[in-house]
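The structure under discussion appears below in the form of structure tokens.
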Amino acid sequence: MKVLVTGGLGFIGSHTVVELQNKGFEVVIIDNLSNSSIEVLDGITAITGVKPHFEKLDLKEKVDVVQFFEKYNDIVGVIHFAASKAVGESVKEPLMYYENNIGTLVYMLQEVSKLDKQNFIFSSSCTVYGQADELPITENAPIKPAESPYGNTKQIGEEIIRDTCKVNDNLSCIALRYFNPIGAHPSAEIGELPIGVPQNLVPYITQTGIGMREQLSVFGGDYETPDGTCIRDYIHVVDLAKAHVIALERLLEEKNLSNYEVFNLGTGKGSSVLEAIESFDRVSGKSLKYQIVGRREGDITAAYADTTKANDVLGWKTELTLDDAMASAWKWEQKIRNT
Ligand code: WQD
């Protein structure tokens, strides 16, 4: 069975392509290479031995989207990752984010809703919750006003999908709200490739560990948490990728799911920034250089998932630990720096 993965050469997309191929799906990737590189295709092939179909397309070109679905009219599911995802950049370039993240989603949904039966999985984020009132966070937690245009595009995206599913019985959709994806494939053939100075914690840690960065700045040591640093739910990207395959399989089974469902994807365990540093030190044998500095604008104190719904309805739960993820991130960093 053929599955379309948009943004399939990106961080989470590429790991999902591997897990789809591992389960015997035939994969077609669309990517515009704006935030990924074509070498990722070789990495995927090196892991699975199967080279996915690849179409270099920009989903902002509606004509190209229409022609794609005319050419590939036997697709049984779509996993839609293609989007811009840098929180800080979205504040500076809101219209680029609304065009790229919302406009392309509308074009995709216009095409898939024309098909007899289609299954659509949307890459969403726990950022829609903002600072939740209660922890762990369930899917019923209130959606808070977005802290950034990026976060707003995820909220709006979910609403567009929900409204589309209401009037298209032939469409079955799932939105997956990721907590903090980290790590890399254990083979070190694929992993995270941040462009420029990493905004996210784990790539900054590994680049500091390898000597590319002087030291890690820990943004804030005075939060209302046990050690004063922020808490997040760090989920191994391979566990996250497997959740997408299981979600697609549930949609294909057409069993007791409404045609629009939302799931939180996390480990259910919160870890502080200092605990993430301790994890790196454990798995690398190094002692990471860091300094606690002022808080970062827009950061929330703590977020970790209530995973009950994903465990019970999807039949999925994480199998890998923070140390597994950190070790894979460190192995990947050493591989790409050829050390
Ligand atoms: C984690 C913690 C920082 C860097 C964002 C997006 C979210 C998703 C994941 C796309 C925070 C601290 C970080 C550093 C630090 N992105 N930190 N020093 O902000 O939880 O989530 O990325 O889907 O939507 O909001 O992740 O990795 O940036 O930060 O102390 O150099 O690490 O303050 O507490 P975040 P992050």
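Kirkwood hydrodynamic radius of the stretch 153-255 from all distinct Cα pairs, in Å? Kindly include the intermediate steps, with their values, before the conclusion.
Numbers: mean 1/r = 0.0583 Å⁻¹.
With all distinct Cα pairs of the stretch 153-255 included, I get 17.1 Å.
Under 15 Å from a point placed 7 Å out from the Cα of K114 along the Cα-to-Cβ direction: which residues of the stretch 68-96 have their backbone N that close?
From the stretch 68-96, the list is 68-75.
So what are the radius of gyration and Dmax for the Cα set of the stretch 75-211, in Å?
Considering the stretch 75-211 through its Cα atoms, Rg and Dmax are 16.7, 54 Å.
Can you tell me which of V238, V273, V91 moves the most in a GNM of the chain? Springs connect C-alpha atoms under 10 Å apart.
Looking only at V238, V273, V91, the biggest GNM fluctuation is shown by V91.
What does DSSP give for the chain in terms of the percent of beta bridges that are antiparallel, rounded to the nearest 5? Provide the component values of the computation, followed by the final result.
Numbers: 2 of 42 bridges.
So the antiparallel bridges in the chain amount to around 5 percent.
Mind pulling the angle between the C-alpha long axis of helix 62-71 and the longest principal axis of the chain? Nearest 10 degrees, somewhere in 0 to 90.
60
How high is the relative contact order of the stretch 128-235, given as a whole-number percent (alpha carbon pairs under 8 Å, six or more residues apart)?
Values: 77 pairs, mean separation 17.8, N = 108.
Over the stretch 128-235, the number comes to 16 percent.
Going by how many other Cβ atoms sit within 10 Å of their own, how do Y223, Y98, Y178 line up, fewest first?
Working: Y223 19, Y98 16, Y178 22.
Ranking Y223, Y98, Y178 by Cβ neighbours within 10 Å, fewest first, gives Y98, Y223, Y178.
Students often forget the sequence filter, so: which lysines lie under 27 Å Cα-Cα from K62 once same-chain residues fewer than 8 apart are removed?
Within the straight-line cut-off, K62 pairs with K2, K51, K71, K85, K92, K114, K117, K154, K166.
Would you mind computing, in nm to one decimal, how far apart the modelled labels at E224 and K286 are, each placed 7 Å from Cα along Cα→Cβ?
Output for this residue pair reads 3.5 nm.
Mind checking the full-extension length gain between M212 and E70? Use 0.36 nm per residue of separation minus the Cα-Cα distance, one decimal, nm. List each step's numbers first, then the result.
Working: separation 142, 0.36 × 142 = 51.12 nm, distance 4.64 nm.
Full extension of this stretch gives 46.5 nm more.
Any idea what Rg and Dmax come out to for the stretch 196-256 if you just take the C-alpha atoms, in Å?
Cα only, the stretch 196-256: 18.0, 53 Å (Rg, Dmax).
Label L33 and D169 with points 7 Å out from Cα along Cα→Cβ: what is the distance between them in nm?
4.5
With axes computed from alpha carbons, what is the tilt in degrees of helix 273-284 against the longest principal axis of the chain, rounded to the nearest 10 within 0 to 90?
90
Go ahead and collect, in residue order, the members of the stretch 223-243 whose backbone nitrogen is under 19 Å from a label point 7 Å along the Cα-Cβ direction of D299.
223-235
P(r) of the chain in 10 Å steps, Cα pairs, percent per bin?
6, 26, 37, 24, 7, 1
Modelling each spin label as a point 7 Å along the Cα-to-Cβ direction, I'd like the K62/E93 distance in nm, to one decimal.
2.3
Each value in this text was obtained by applying a stated rule to the coordinates, not by laboratory testing. The shown structure was predicted, so the numbers you read here are calculated from the model rather than taken from an experiment. Quick reminder, even Gly has a Cβ in these numbers, built from the backbone with ideal geometry, and neighbours come from all protein chains shown.
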